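Just below is one structure, and these are the notes that go with it.
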Amino acid sequence: MTSDPSLIEDPAPLQTQTVPSEFINRSDEIEKLEQLVDPETSSNSCIVGERGTGKTHLVLHQFQKLPGQVNTCYVPCKRCDTEYKALKQLYQAVTREEISTGHHTSTLYREIEEKTTELPALVFLDDIEFLLQNDGDSLLYQLSRTNTDQLNLITASTPGTNLKDELEERTYSSLHPRRLELEPYDGEKVCQVLVQRSRDSLKPQSVHQNALTYIASTTQNLTYALTWLETTAKKSMDKITENKVREYREQAYKDYIDKQLREFTRHHRLLIQAIEELEKEGEPPIYTGEIYQRYHELSESYSEDPVSNRRLSTYLKHLELLQLIESKYHYGGQQGKTREIQSNYQNI
Ligand SMILES: Nc1ncnc2c1ncn2[C@@H]1O[C@H](COP(=O)(O)OP(=O)(O)OP(=O)(O)O)[C@@H](O)[C@H]1O
Ligand SMILES: [Mg+2]
């Protein structure tokens, strides 16, 4: 029998979607979160932290610990980015029934109210910024006034989204969220997470400490850091060294983008491709006009029906919210508003 040459013994701990059973260096935050989601306190809360600081998993981990008498509902706002889509997700979670489209929102609100009168619910609106691009304000306003003792909301967003500024005054005051901030991990803490998760996933002595230190000195985003290690581990047959991780940096970033864009369209990917190509060809910055033109060329070569520039502008905003690109806005001039775009590869 030949032995398995792969370094990976158990893939799950290195996969970013795996919620860890133990969180390193987050005990204070976990304690605060426990108080925030305590069904007795009945308040709404918002979690704020940069990408890859553990917002999603800390709340999901907390959900697992809640008593069965609380109905928990996860609403991924990247996908559920309108009032209707989010309501539908919420309705399905509290009633455990599938619904088709075409129901009036008032009917859904009423049913949710009835159900949550029987059983308290905790609703996690993750990546709320995507919902706020559309009619999310209305959803937050309605839900914050529904069964206030029984239905609690928790939102997660990056520091670039300030709920107080983004929401109507009456919505913010009705929601009145208590805030939990997650500081980014420093290099040492990123490294500790990488050590633990690689220990749980890889065969003994598969990684050189320098390799982990290198990743941790490049990024504070744990999703990217773990993806990078996973990408390298999948490609390696012998010990992962610093040189190995350097070699796979670009591939790892591509894998990270793929993960971030999983909930989005083919056109988002083409926009990213257009930006990457333009950056490789010339000096940054690049402007939206050039990106749209390259996007049209790419669509044609892949026989894709292109979407309107207006739609593309929304999609660029999504890429910005995902922090895959950075935008600088210029107002005025012949073309009205233009955007100067840069990919975020160097700054992640
Ligand atoms: N303290 C920790 N110990 C171990 N793993 C952690 C810790 N914090 C975060 N992680 C892991 O890091 C990754 C990123 O966490 P998570 O997805 O919760 O971040 P996020 O802040 O929601 O990111 P994004 O803004 O991109 O959605 C996940 O794989 C998570 O399990
Ligand atoms: Mg998240």
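The values are calculated or read from the model by the stated rules, or taken from the named source; none is laboratory data. Just so we're clear, the structure is a prediction, and the values are computed from it rather than from any experiment. Please note: Cβ atoms are built from the backbone with ideal geometry, for glycine as well, and neighbour counts cover all protein chains shown. Accessible surface is based on the protein model in full, side chains and every heavy atom, while ligands, DNA and RNA are left aside. Shrake-Rupley method; radii C 1.70, N 1.55, O 1.52, S 1.80 Å.
Restricting attention to region 274-302, the residues that are in contact (Cβ under 8 Å) with a residue 40 or more places away in the chain and not in a helix (DSSP H, G or I) total 4. Consider region 49-66 and keep the residues that are out of contact with any helix residue (DSSP H, G or I) (no Cβ under 8 Å at 6 or more places or on another chain) and outside any helix (DSSP H, G or I). The one that is farthest from ligand 1 (Cβ to nearest atom) is L66. Restricting the first residue to region 242-267 and requiring it to be of a type in the set (G, A, S), which pairs with a second residue that is surrounded by 14 or more Cβ atoms within 10 Å (Cβ to Cβ) meet a Cβ separation below 6 Å and a spacing of at least six or different chains? Listed by first residue and then by second, the contacts come to A252/T227; A252/W228; A252/T231. Just checking, which of K337, K280, K235, K328 is at pLDDT below 95, open to solvent by 60 Å² or more (accessible area, probe 1.4 Å), of a type outside the set (D, E) and closer than 24 Å to T158 by Cα? Answer to the check: K328.
So, S217, is that one touching a Cys at 6+ places or on another chain (Cβ under 9 Å) and under 30 Å from N134 (Cβ atoms) or not? In short, no.
The rows are residues; the columns are (1) within 20 Å of E50 (Cα to Cα); (2) open to solvent by less than 70 Å² (accessible area, probe 1.4 Å).
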residue: E276; (1), (2): no, yes
residue: P285; (1), (2): no, yes
residue: E297; (1), (2): no, no
residue: Y315; (1), (2): no, yes
residue: N344; (1), (2): yes, yes
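Going through Q64, Q35, Q17 one at a time, which residue ends up being within 14 Å of ligand 2 (Cβ to nearest atom), open to solvent by 70 Å² or more (accessible area, probe 1.4 Å) and out of contact with any Leu (no Cβ under 9 Å at 6 or more places or on another chain)? Testing whether each residue is within 14 Å of ligand 2 (Cβ to nearest atom), open to solvent by 70 Å² or more (accessible area, probe 1.4 Å) and out of contact with any Leu (no Cβ under 9 Å at 6 or more places or on another chain) leaves just Q17.
Could you check, for region 72-89, whether at least one of its residues is at pLDDT 90 or above, away from ligand 1 (no atom under 16 Å from the Cβ) and small (G, A, S)? Yes - at least one qualifying residue is present in region 72-89. Elements of the type helices (runs of 4 or more DSSP H) sitting completely within region 92-159 and holding at least 1 residues that are away from ligand 2 (no atom under 16 Å from the Cβ): these cover 105-118, 136-144.
Residues in region 164-189 that are within 19 Å of V37 (Cα to Cα) and open to solvent by less than 40 Å² (accessible area, probe 1.4 Å): S174, L175, P177, L180, L182.
Test Q150 against the criterion of being surrounded by fewer than 18 Cβ atoms within 10 Å (Cβ to Cβ) and at pLDDT below 95, and give yes or no.
Criteria not met by Q150.
Within region 55-81, residues that are more than 22 Å from L132 (Cα to Cα) and in contact (Cβ under 8 Å) with a residue 12 or more places away in the chain reach partners that are open to solvent by less than 20 Å² (accessible area, probe 1.4 Å) and among the basic types (K, R) with beta carbons closer than 7 Å, at six or more positions or on different chains, in the pairs L58/R26. In region 23-52, the residues that are hydroxyl-bearing (S, T, Y) form Cβ pairs under 6 Å with partners that are open to solvent by 40 Å² or more (accessible area, probe 1.4 Å) and more than 12 Å from ligand 1 (Cβ to nearest atom), at six or more places apart or across chains, as follows: S42/D149; S43/R178; S45/R178.
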